[in-house]
1. Tell me, which residue of segment 30-46 that is in contact with a strand residue (DSSP E or B) (Cβ under 6 Å, 6 or more places away or on another chain) and outside any loop (DSSP other than H, G, I, E, B) is surrounded by the most Cβ atoms within 10 Å (Cβ to Cβ)?
2. Any residue in segment 13-32 that is more than 18 Å from residue 47 (Cα to Cα) sitting within a Cβ distance under 7 Å of a residue that is surrounded by fewer than 14 Cβ atoms within 10 Å (Cβ to Cβ)? List the pairs, counting only those 6 or more apart or interchain.
3. Which number in (1) surrounded by 13 or more Cβ atoms within 10 Å (Cβ to Cβ); (2) within 26 Å of residue 121 (Cα to Cα) marks the one condition that residue 53 misses?
4. Could we say that residue 49 is under 17 Å from residue 118 (Cα atoms), touching a helix residue (DSSP H, G or I) at 6+ places or on another chain (Cβ under 7 Å) and in a strand (DSSP E or B) here?
5. Among the residues that make up segment 22-29, is at least one of them in a helix (DSSP H, G or I), surrounded by 11 or more Cβ atoms within 10 Å (Cβ to Cβ) and at pLDDT 90 or above?
6. What number of residues in segment 57-82 are touching a helix residue (DSSP H, G or I) at 6+ places or on another chain (Cβ under 6 Å) and more than 19 Å from residue 114 (Cβ to Cβ)?
7. Inspect segment 65-77 for any residue being under 20 Å from residue 122 (Cβ atoms) and either under 11 Å from the mean Cα position of the chain (by Cα) or in a loop (DSSP other than H, G, I, E, B) (or both) and give the result as yes or no.
8. Out of curiosity, is residue 101 out of contact with any helix residue (DSSP H, G or I) (no Cβ under 6 Å at 6 or more places or on another chain) and more than 21 Å from residue 17 (Cα to Cα)?
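The values are calculated or read from the model by the stated rules, or taken from the named source; none is laboratory data. Owing to the predicted nature of the structure, the values given are computational and were not obtained by experimental measurement. Using ideal geometry, Cβ is built from the backbone for each residue, glycine included, and neighbour counts are taken over all protein chains shown.
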């Protein structure tokens with residue numbers, strides 16, 4: 001039998017908090033256009049990072065990338081890789097993942113490896 005604390009920990013383990021997701025269009029356009037930011041690319045995924053007061057993330061995909069099932073699959077892979085590697089980030093950043101074309105080999109393992117390398121090469125300070 002699971003205790004109440006274990007149930008809460010189990011549920012919160014697999015989700016991003018609402019505070020971690022960027023939903024504001026103005027914030028996303030600011031990240032894309034007006035900031036001095038860090039960019040890294042893997043396959044067709046571009047990572048844009050900018051210092052912020054808390055860790056936030058957003059994923060942008062074009063509608064021309066496959067059908068809705070494929071786009072949701074790509075978002076799930078990116079979201080899960082981010083969720084499992086965010087412990088490598090030492091300072092709070094706003095992260096924006098952009099997918100402009102269909103990826104050739106976007107797997108969870110490859111995406112997680114890419115994020116770990118990016119976070120480690122920048123020593124957690126993008």
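1. Filtering first and then ranking leaves 45.
2. As it stands, the answer is 19/54, since those pairs meet every condition given.
3. Tallying (1) surrounded by 13 or more Cβ atoms within 10 Å (Cβ to Cβ); (2) within 26 Å of residue 121 (Cα to Cα), residue 53 fails exactly one: (1).
4. Numbers: under 17 Å from residue 118 (Cα atoms): yes; touching a helix residue (DSSP H, G or I) at 6+ places or on another chain (Cβ under 7 Å): no; in a strand (DSSP E or B): yes.
No.
5. So in segment 22-29, the residues in a helix (DSSP H, G or I) come out as 25-29.
Those still in the list that are surrounded by 11 or more Cβ atoms within 10 Å (Cβ to Cβ) too: 27-28.
Filter again for at pLDDT 90 or above, leaving none.
Checking segment 22-29: not a single residue is in a helix (DSSP H, G or I), surrounded by 11 or more Cβ atoms within 10 Å (Cβ to Cβ) and at pLDDT 90 or above.
6. The qualifying residues number 0.
7. We begin by selecting, within segment 65-77, every residue under 20 Å from residue 122 (Cβ atoms); these are none.
No - not one qualifying residue is present in segment 65-77.
8. Working: out of contact with any helix residue (DSSP H, G or I) (no Cβ under 6 Å at 6 or more places or on another chain): yes; more than 21 Å from residue 17 (Cα to Cα): yes.
So residue 101 passes the test.
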